[in-house]
Structure formats: C-alpha cells, structure tokens
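Input: a single structure, listed below in structure tokens.
The values are calculated or read from the model by the stated rules, or taken from the named source; none is laboratory data. All of these numbers come straight from a predicted model, not from anything done at the bench. Cβ atoms come from the backbone with ideal geometry, glycine included; neighbour counts cover every protein chain shown. Just the protein is used for accessible areas: all its heavy atoms, side chains included, with ligands, DNA and RNA removed. Shrake-Rupley method; radii C 1.70, N 1.55, O 1.52, S 1.80 Å.
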Amino acid sequence: MPPGKVLQPVLKMKVDELFLRWLSESSTQALLRDCLQRIKVPGRSPGALLAPAAPACKPGVLDGLGVPSLAPASTALPLGAASSPRSGPHARGTRRSTGTRAVQAKKEQPLPPAASQNIPAFYFPRGRPTDTLHVDAVISKIEHTFAQFPHERATMDDMGRVAKACGCPLYWKGPLFCSAGGERTGSVSVHKFVAMWRKILHNCHDDAAKFLHLLMNPGCNYLVQEDFVPFLQDVVNTHPGLAFLKEASEFHSRYITTVIQRIFYTVNRSWSGRITCAELRRSTFLQNVALLEEEADINQLTEYFSYEHFYVIYCKFWELDTDHDLLIDSQDLARHNDHAVSTKMIERIFSGAVTRGRKVQKEGKISYADFVWFLLSEEDKRTPTSIEYWFRCMDLDGDGALSMFELEYFYEEQCRRLDSMAIEALPFEDCLCQMLDLVKPQNDGKITLRDLKRCKLANVFFDTFFNIEKYLDHEQKEQVSLLRDSESEGPELSDWEKYAAEEYDILVAEEAAAEPWEDGYEAELSPVEQKLSSLRSPLAQRPFFEAPSALGAVDLYEYACEDDDLPPS
C-alpha cells in the first residue's frame with residue numbers, strides 16, 4: 001500500500017477481523033507461548049530467535065508444536081555426535097538432533113522403482129484416441145463426396161453433404177467451410193479439406209475438441225465470443241425456422257448477439273470470457289447444435305436458439321432504452337418491472353461486480369449484452385450462473401461470504417419500500433432467522449455460495465433482499481408449496497421459460513390489439529412478423545453492429561477476456 005494511503009472502512013474492518021481470527025487460533029497462541037518460553041531460557045537472548053537458522057536445522061524438521069525448530073548457530077554439532085549425552089546440557093537439543101538424523105537416515109533408504117510406466121493413460125483432454133483404420137475410412141468417404149462436385153471443389157451450399165460425410169451434425173458445415181479457408185476463396189478443394197480434417201482427426205478425438213478446433217483462432221485453446229459469429233450467421237441464413245429473418249438483415253446481429261450471450265451465460269462456468277474444451281464437453285450446447293437439424297421449429301430449442309426468447313429480451317431492452325443509443329444507464333434499468341429491483345442492487349450491477357470492460361465505470365452505462373445477463377439472472381434465480389451473479393452483487397467486500405452486515409445493508413431499503421406501501425415490514429432479526437432456516441449454512445454467521453447452491457430456494461432468498469414485487473409474491477405462498485414446486489420432477493419448465501412464454505404472449509396480444517382489422521388482412525401472418533414489421537423501421541435508423549463481411553462477422557460488444565475469473569467488486 002502506498003505510504004499515507006488510508007484503508008477504506010470496509011477493507012480495514014476486514015483486515016482487523018482476519019487479524020483477530022488469526023490471533024485466536026490455538027496454533028497461533030501455542031506458537032507465541034513457545035517463543036516466550038524460549039526468550040526466558042537462561043543464557044539465550046531474544047535476538048537469538050531472530051538469527052539465521054543454523055546449518056543443522058533442516059527445513060522439514062518440526063518440533064512438537066508444529067513449527068520449525070530453532071537453534072543458535074554456535075551449538076550446531078556434527079550429526080554423529082548428536083546422540084551423545086555429553087553433546088550439551090539441554091535435552092531439547094539432543095532430541096532435535098536425533099530427529100534430524102532419523103529424517104536423513106530415512107531419506108537415504110533406496111526408493112522403490114517407479115511404477116508409473118505400467119499405469120495406462122487415463123487423461124485425454126482432447127478425447128480418447130481412435131484407431132487409424134477409422135480415420136482412413138472417413139477420409140475415403142469425404143473424397144468420394146468431393147468427387148461428385150465440379151472440379152472436386154465444394155461451395156458453402158455443398159458443405160451440408162460434406163459435413164455428413166465427416167460424421168458431423170449438419171450445422172457444423174459453416175465452421176468446416178471457414179476452417180478449410182472457404183470464406184476467402186468461395187470454395188474448398190478436396191486436397192485442402194482432407195488435409196485439414198485429417199489433422200483434426202489425429203489431434204481431436206471427440207466432438208467437443210473437434211468443434212473447438214474448428215471455431216478457435218490459431219494458437220488458442222479456447223473460444224471467445226467473436227468465434228461463434230460465422231457459425232451462427234450460417235444458422236440464421238439456412239435454418240427453416242428463421243426463414244422470415246432473411247429479409248430483415250438488420251435483426252441478424254441482434255439475434256446472434258443474444259444467442260452468444262446465452263451460450264457464454266450457460267457454458268462458460270468459469271466467468272473467464274473464454275470457453276474451454278472441458279466446459280464445452282460438460283455442457284449441452286453440442287447436443288442443441290445437433291438438434292438444429294432435426295427440429296424445424298427454432299422456438300423449441302429454448303436453451304440457446306429460441307427466436308421467441310430473443311424477441312422478449314430485445315423488446316424489454318428496447319422499452320428501457322428510451323433514447324435508443326443502444327446503452328442504458330442505472331435510471332433506465334431501475335424502471336425494469338416497475339422499479340421492482342432495489343436501488344442498492346442496481347448500483348451494485350453498475351459497480352462492475354458482474355460486468356466486463358471499462359464502459360460501465362467510465363460512462364455509467366451497460367450494453368445490450370450485459371442486459372441479456374441481467375434479465376436471465378433476474379427472471380430465473382435457480383440456475384448456477386444466476387446464483388453466482390446475485391451472490392457477487394451482494395458480496396460487498398468480496399470475501400466469498402455474505403455477512404449479516406451485508407444482508408442488513410440490502411434489507412434496509414426493502415423495509416423502507418414496504419413502509420411506503422403501508423405494509424408492515426418484518427424486523428431484520430426475524431427475517432434473518434427465516435433466511436438462516438431456509439439456507440441452513442454450514443458455518444454460523446455467514447452464507448457462502450456453496451450454501452446457496454445447495455439450497456433449493458435461492459430465488460426466495462435473493463428476492464427477499466432486493467426484489468420487492470417477488471418478495472411479496474413469495475410471502476403470499478407457504479414455504480411448503482415453494483419447496484414442493486422446487487422439487488417437482490419431470491419436464492417442468494424453468495422460471496425463465498415460463499417468463500418468456502408469458503411475456504411473448506403479452507407482446508403479441510398488444511401488437512394484435514394495436515393493429516386495426518381490415519379486409520384483406522392476412523390472418524396467417526406470423527405474430528413474430530407482425531412485431532418485426534413494426535420494429536424494423538425505427539431500428540433501421542441506427543445500425544446495431546457493423547457487418548464487414550458477407551458472413552456477417554459483426555463487431556460484438558467490447559468484451560475484455562481475462563485469464564482469471566471475474567473478481568467480485
């Protein structure tokens with residue numbers, strides 16, 4: 001810390017707390033008592049304790065209290081004389097020397113031969129290797145497929161057949177085409193594609209490793225947001241469920257940005273901004289990519305690709321973004337759901353606790369990409385990412401635990417808002433007892449992220465402290481019914497899916513009510529197209545992203561990738 005700089009109040013309080021905790025440890029007190037006893041030994045000065053360790057004191061030798069034994073350099077004796085009773089007047093030095101000799105004698109014993117050579121390989125970061133015969137069979141099938149194309153060159157339209165020859169899902173065709181250099185020349189030769197695919201088959205042995213290798217930049221072993229753009233642009237261009245978007249090119253980048261944020265929200269569990277092969281393997285993303293081929297209705301793929309979900313998210317953002325500069329400030333965000341979220345929580349969101357980049361700190365605004373994360377977390381507080389999202393916001397001092405002070409800090413505003421509504425607020429002590437019974441933390445006096453993830457009613461916990469509307473809804477229900485809802489089995493819709501379905505129906509009904517019924521009105525017109533036509537004109541006045549290439553490589557929201565997890569503020 002620079003000289004003269006005073007610790008912030010919260011930080012100083014945390015430092016004092018950690019010092020007192022260290023001082024109260026039994027091992028610390030035993031160490032201090034031992035040091036005091038050594039100081040009081042006749043003929044030994046206090047400075048001897050601070051002198052450099054004697055050569056005979058080995059780093060790994062510990063005394064009975066678990067601390068390194070200290071001896072003056074002048075009393076160090078050869079190892080052979082240490083066991084003699086005449087070596088010194090103090091028995092402590094004799095026991096220490098004997099222990100040193102025992103440790104050294106143990107080290108001199110011959111080690112057994114290493115058996116690691118007999119242990120078969122069990123760690124395959126790129127999947128378990130397959131035999132060469134399988135690779136040759138796949139290459140032969142690919143060459144046979146290319147032989148059917150003019151000059152043995154495949155265009156983007158032909159890549160669907162090539163993807164099936166490779167044994168890949170249909171919508172891998174875009175990444176396959178780009179990885180072989182097709183976006184530069186407009187077509188791919190059989191020799192170049194076979195060389196590329198043979199290299200992947202030799203180095204990558206499962207779908208996650210292959211997909212990551214196809215999308216990632218050279219020299220990387222992870223995926224960033226921009227890597228998904230060509231793949232998703234191909235989905236927008238060719239999926240039958242998005243055919244109505246072909247004529248509305250200004251909406252391509254909005255949809256792609258939404259899907260990318262949902263991918264990172266669900267898959268990037270480390271919050272690093274970089275999706276690794278292990279994270280991709282643990283997620284269900286590749287299964288959803290395979291379902292794109294089987295499911296013609298894109299709205300059935302609710303985890304990532306649903307257009308209805310994008311429609312709801314973007315309409316909510318558009319309502320808050322009154323000046324339509326594609327950025328919203330804290331006052332805009334506070335209007336979400338009729339000011340349901342507390343002011344203190346809005347301030348925490350804009351503090352950088354759950355956002356990336358410097359725009360929030362400099363301009364006090366968040367982009368559409370940040371809003372996607374907010375809305376997903378606000379409307380479904382049961383998912384792991386949403387629990388982490390709100391935990392980071394409530395953890396004011398960033399110590400990895402929610403203290404009673406932090407809970408009271410957020411609950412104070414809830415009490416004031418309830419009083420303004422002429423509703424008697426529960427005293428904080430009573431509310432705290434209820435929340436502790438709800439979460440059942442492992443350690444007294446604090447609630448950790450692990451406690452909340454283990455609790456099945458994390459949504460009730462969070463809403464109690466910063467969402468007044470949902471808090472009142474929970475109060476009207478009994479805890480038994482809440483727990484029954486959380487434990488229901490079967491294909492139950494998530495809180496986000498329920499919210500998106502309800503909001504989509506409301507938006508479509510509002511649009512239908514606003515449109516006058518005229519003769520000749522096409523009753524078969526999709527509600528999505530109705531809303532699209534009404535939004536297309538005002539949205540087209542300002543481009544959302546630039547599209548520098550024919551593949552729609554849009555410039556996404558500035559997203560600074562860090563090696564470490566996003567630290568809570």
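Quick notes
- In units of the rule-of-thumb radius 2.2 N^0.38 Å, region 248-321 shows an alpha carbon radius of gyration of 1.19.
- Directionally averaged shadow of region 167-306, computed from the convex hull of its alpha-carbon atoms, nm²: 8.6 nm²
- Here Glu183 sits with roughly 80 square angstrom of accessible surface, probe radius 1.4 Å.
- More than 17 Å apart - percent of Cα-Cα pairs taken over region 383-464: 45 percent
- Gap separating the Cα centres of region 377-398 and region 152-208, nearest whole Å: 40 Å
- Here the scattering of region 155-236 is modelled by Debye summation over its C-alpha atoms, one equal scatterer each and no solvent; at q = 0.14, 0.18, 0.21, 0.27 Å⁻¹ the log10 of I(q)/I(0) is -0.41, -0.71, -1.01, -1.68.
- Packing, as the average of other Cβ atoms within 10 Å across residues, places the peptides 241-254, 305-318, 136-149 in the order 305-318, 241-254, 136-149, highest first.
- Extension gain from Lys498 to Ile119, taking 0.36 nm per residue of separation minus the Cα-Cα distance: 131.4 nm
- Along its first, second and third principal axes, ordered by size, region 311-418 spans 40, 32, 28 Å in Cα coordinates.
- Per-peptide packing, taken as the mean over residues of other Cβ atoms within 10 Å, places 421-433, 500-512, 460-472, 152-164 in the sequence 460-472, 152-164, 500-512, 421-433 from highest down.
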